[in-house]
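Reviewing the structure listed below.
The values are calculated or read from the model by the stated rules, or taken from the named source; none is laboratory data. Keep in mind the model is a prediction, meaning the values are calculated, not measured. Every residue, glycine among them, receives a Cβ derived from its backbone with ideal geometry; neighbour counts consider all protein chains shown.
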Amino acid sequence: MNDNSVGLSIEPRAELVNRCNLAGIEWHELQDLSNEQRAPYFNNERGEDHVLLAQQFGRERLDRIGQLGTAIRQIAKSRDGAIFLKELLSTKRAMLYFTQPSSRTFLSFRSACQILGIESSEVRDTATSSEVKGESQEDSVRTFSSYCDVMIMRTHVPGFSERMAWVLAHSDRPIPVLNAGSGKDQHPSQAVLDIYTLQRSFEKQGGIDGKRIVFVGDLLRGRTVRSLARLLMTYDDVKMVFVAPDELQIGEDIQAMLSDAGVAFELSADFEPHISTADAIYMTRVQDEWDASEGRSTPIDVSKFHFEIRHLDVMRPDAVLMHPFPRREEIPIEVDHDRRAVYWRQMRNGMWIRAALIASIFGHADSIFDFAEDRESS
Ligand code: MLT
């Protein structure tokens, strides 16, 4: 596909294509659109309004967010740089609405807010909100929006953050919404940080273009893989290999998305042959919290889909091993010391990339780049 802008390959209904204004579309109309068609409604004229779908990111935006993440990381190393960053958004407040468990995404978003001087409040358990008194989730979120300037949301309901962005766009507080993981469908900020990790890992190897990325584990319900596959579509000649037990293989919607875009991919139930040819191996855990009945995934033998210590000898010397975490038995801790195991760095990258996303939503990308440039030349 390789287009640099969102939604180029779409053919939406003509009457909707020109508007692309979230406040000007009915919810049922928005829902009828595909993700590709919906994405432009979540961007403002700078392309940086809400962060809800991987489909909002073209290559140019990914490159810029990566550069911004690097600039923030470097600026934050010095005291004057950290103070500059902290003053950028010190008049803003964020609401972290995380009603689904989270460690890394929650803490990295909160740390990103702290880096930029944003004060944050949090709701992590709806049992402590008026939802227990029968208030709808929408009213609750709209209430929280009265007290903040940006909403960062994780819920188990697919599309809930999109719905809230739409609800708020129709209110007198149309604040930006960031999707921090929605059901089984999307995890755009994780996918952007994964791309950043790949960009940095392949800096001296021509970048992400032409690389072979092997995804392993529960690909059916892993939202990180679903969003990352969409972002990888924006690179040239990337080959994706999806390795999973048949029951947990990547969804047909993602396969159709890749086929329609002419992106090469392969499905496999055999991990071993792909280890020596991969540029990146992206491990995932079984997402059994989504089992229809408890223990449904348990009978599936996933042991063949674990990375073992002996696989280090087979892996290419310049390849990388990634994992969005949490991990279970997919990667033994002994592997952590190998320089190709980049998952701890990937985790920390999340903080810089989330800071970059927030800074750019509030229009501070240029001032950060200017600060970085001034420091370099002084
Ligand atoms: C997620 O929120 O999707 C995680 O980062 C990955 C996982 O839970 O396995």
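Each row is one residue, and each column tells you yes or no for (1) surrounded by 13 or more Cβ atoms within 10 Å (Cβ to Cβ); (2) aliphatic (A, V, I, L, M); (3) modelled with pLDDT under 95.
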{"site": "Gly24", "(1), (2), (3)": "no, no, yes"}
{"site": "Leu33", "(1), (2), (3)": "yes, yes, no"}
{"site": "Gln67", "(1), (2), (3)": "yes, no, no"}
{"site": "Leu85", "(1), (2), (3)": "yes, yes, no"}
{"site": "Leu89", "(1), (2), (3)": "yes, yes, no"}
{"site": "Lys92", "(1), (2), (3)": "yes, no, no"}
{"site": "Thr105", "(1), (2), (3)": "yes, no, no"}
{"site": "Arg110", "(1), (2), (3)": "yes, no, no"}
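Every residue, every condition in (1) assigned to a helix (DSSP H, G or I); (2) farther than 24 Å from Pro188 by Cα; (3) touching a residue at least 12 places away in the same chain (Cβ under 8 Å); (4) outside the structural domain of Ala359 (by TED's automatic domain parsing), yes or no:
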{"residue": "Ala71", "(1), (2), (3), (4)": "yes, no, yes, no"}
{"residue": "Lys77", "(1), (2), (3), (4)": "no, yes, no, no"}
{"residue": "Ile83", "(1), (2), (3), (4)": "yes, yes, no, no"}
{"residue": "Thr91", "(1), (2), (3), (4)": "no, yes, no, no"}
{"residue": "Tyr97", "(1), (2), (3), (4)": "no, no, yes, no"}
{"residue": "Pro101", "(1), (2), (3), (4)": "no, no, no, no"}
{"residue": "Arg110", "(1), (2), (3), (4)": "yes, no, yes, no"}
{"residue": "Cys113", "(1), (2), (3), (4)": "yes, no, yes, no"}
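I'd like the residue in region 159-186 that is aliphatic (A, V, I, L, M) and within 16 Å of the ligand (Cβ to nearest atom) and, out of all such residues, is farthest from Glu26 (Cα to Cα). In this case the residue turns out to be Ala180. Count of region 331-346 residues, restricted to those that are under 22 Å from His187 (Cβ atoms) and surrounded by fewer than 19 Cβ atoms within 10 Å (Cβ to Cβ), is 2.
Here's the yes/no breakdown for (1) over 22 Å from the mean Cα position of the chain (by Cα); (2) modelled with pLDDT of 95 or more:
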site	(1), (2)
Ile254	no, yes
Leu267	yes, yes
Phe271	yes, yes
Gln287	no, no
Ser293	yes, no
Arg296	yes, no
Phe305	yes, yes
Met315	yes, yes
Met322	no, yes
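Among the strands (runs of 3 or more DSSP E) confined to region 187-296, the ones with at least 2 residues that are away from the ligand (no atom under 13 Å from the Cβ), out of contact with any Gly (no Cβ under 9 Å at 6 or more places or on another chain) and touching a residue at least 40 places away in the same chain (Cβ under 8 Å) are located at 212-216, 280-283. Taking the condition farther than 22 Å from Asp80 by Cα and without any contact (Cβ under 8 Å) to a residue 12 or more places away in the chain, does Ala319 pass? Taking the combined requirement at face value, the residue does not satisfy it. Can you go through Ala355, Ala372, Ala359, Ala341 and tell me which one is among the aliphatic types (A, V, I, L, M) and without any contact (Cβ under 8 Å) to a residue 40 or more places away in the chain? Within the list Ala355, Ala372, Ala359, Ala341, the selection yields Ala341.
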